[in-house]
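The values are calculated or read from the model by the stated rules, or taken from the named source; none is laboratory data. Keep in mind it's a predicted model, so treat the numbers as computed, not measured. No Cβ is skipped: glycine too gets one built from the backbone with ideal geometry, and neighbour counts run over all protein chains shown. Areas reflect the complete protein model, heavy atoms only, side chains present, ligands, DNA and RNA absent. Shrake-Rupley method; radii C 1.70, N 1.55, O 1.52, S 1.80 Å.
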Amino acid sequence: MKVLGIETSCDETGVAIYDSEHGLLADTLYSQVKMHAEYGGVVPELASRDHVRKLLPLIRETLAQADLQGSDLDAVAYTAGPGLVGALMVGASTGRSLAMAWDIPAIGVHHMEGHLLAPMLEDEPPAFPFVALLVSGGHTQLVKVTGIGAYELLGESLDDAAGEAFDKAAKMLGMDYPGGPLIAKLAEQGDRSRFRFPRPMTDRPGLDFSFSGLKTFTLNTITAHRVDGVVDAQTQADIAAAFEEAVVETLAIKCRRALQATGLKQLIIAGGVSANQRLRERLAEVVKKERSALFYARPRFCTDNGAMIAFAGCQRLLAGQESDLVIEAKPRWPM
Ligand code: KG4
Ligand code: ZN
């Protein structure tokens, strides 16, 4: 089964074709990041317009990459939510309309299910069941996964998502959006032991998270080290390192707890923050202690992309699901 996947939930236009027999056939991505960086964050109206501009050319390019025509496809999968409603509508209406023209089924996919299954696109994929840590700009969740569509929420952030916390801390340090990768880069030059930031909610049982306090702690630390209105470069790097260390350590503590609580031996991490090198290193230590295995996607498939939507849609269709003629766009949608 050959499935065209379309992702337009936020600031990346992603298109891919996944074949249940031969794997990924083509994958294209257009990032709007530079345009939004000027405004310090994603501007919804500009995001929708740019998806409109880029989506059809990208679909054409993807078909050409795979040497296929629309009539060779078996289904279309598009991100139906959660995300920016205008941006979602572009992918949903385009995907649904193409499926109608090609007389094939369409299916609306949950964006976080896409992220969750992305590590399965790699050469040595995890097998069900596993514990998944979903860490993106909008979500931080621990999920027990026993099969396609069989997701049990173990814990989640009660306020900011981990990626959101990275982006806000980066903004305080005067960096561009999205700040996660920039903080990670700056942290490499930092002394990880100069400041100790709190590890929120780790001193009590449970698998929920809270990252908004870290924001305040970061701001207070920056304010306390301003000399004539500026923080010197080394102190900035030390703050970035302390911040990253606190987020990573908090996630690591909860992942270890989730493995212990479920008795499962596989941990997968997915979503933009799963590209973080320090998080990968720290979790490699955790799984070693727990005699478990760690899985993640290549960096390109950690952040938003069409491949994860094509793959998740294909799995859903193989399980016998499809959407009817409605165009699904759900800005809020629990997985
Ligand atoms: O999954 P994603 O592309 O979009 C959402 O669904 O939200 O995640 C984007 C988030 C942003 O907050 C970005 O700063 C963060 O992932 N991110 C990172 C890294 N790469 C992306 N955070 C920390 N370290 C990274 N290397
Ligand atoms: Zn995402």
### Query
When the helix-only estimate is applied to the chain (DSSP H runs of n ≥ 4, each -39,500 (n - 2.57), divided by the residue count), what is the mean residue ellipticity at 222 nm, nearest 500 deg cm²/dmol?
-13500 deg cm²/dmol
### Message
For the range 247-292, what does the accessible surface come to per residue with a 1.4 Å probe? Please give it in Å².
### Response
39
### Query
Two-decimal Rg/Rh of the chain from alpha-carbon positions, Kirkwood Rh?
0.99
#### Entry: Antiparallel %, DSSP beta bridges [both residues in the range 128-296], to 5
60
### Message
Considering the Cα positions of the range 138-205, please state its Rg to one decimal place and its Dmax as a whole number of Å.
### Response
15.4, 44
## Note on the structure
Restricted to the range 1-157, the DSSP antiparallel beta bridge percent, nearest 5, is 75
### Query
How would Asp160, Asp203 line up by accessible area, probe 1.4 Å, largest first?
Asp203, Asp160
### Query
Stokes-Einstein at 4 °C, 1.567 mPa s, Kirkwood radius from Cα pairs: D for the range 128-296 in µm² s⁻¹?
80
### Query
Could you give the dipole magnitude of the chain about its Cα centre, charging the beta-carbon of Lys and Arg +1 and that of Asp and Glu -1, in debye to the nearest 20?
920
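Which entries of Lys54/Lys185; Lys34/Lys254; Lys254/Lys288; Lys254/Lys289 show an alpha-carbon separation above 25 angstrom in the structure shown?
Violating the 25 Å limit, Cα to Cα: Lys54/Lys185; Lys34/Lys254.
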#### Entry: Residue-level accessible surface for Cys255, protein heavy atoms, 1.4 Å, Å²
0
### Query
Considering only DSSP beta bridges with both partners in the chain, what is the antiparallel share in %, to the nearest 5?
60
### Task
With the full set of protein chains in place, find how many percent of the accessible area of the chain is carbon and sulfur; take the probe as 1.4 Å.
51
### Query
Just by accessible area at a 1.4 angstrom probe, what is the order of Arg280, Arg332 from largest to smallest?
Arg332, Arg280
### Query
Out of Lys168, Lys288, Lys254, any idea which swings most in a Gaussian network model of the chain, alpha carbons joined below 10 Å?
Lys288
## Note on the structure
Counting all Cα-Cα pairs in the range 195-295, those more than 19 Å apart amount in percent to 50
#### Entry: Volume in Å³ per residue [convex hull over Cα atoms, computed for the range 4-116]
95
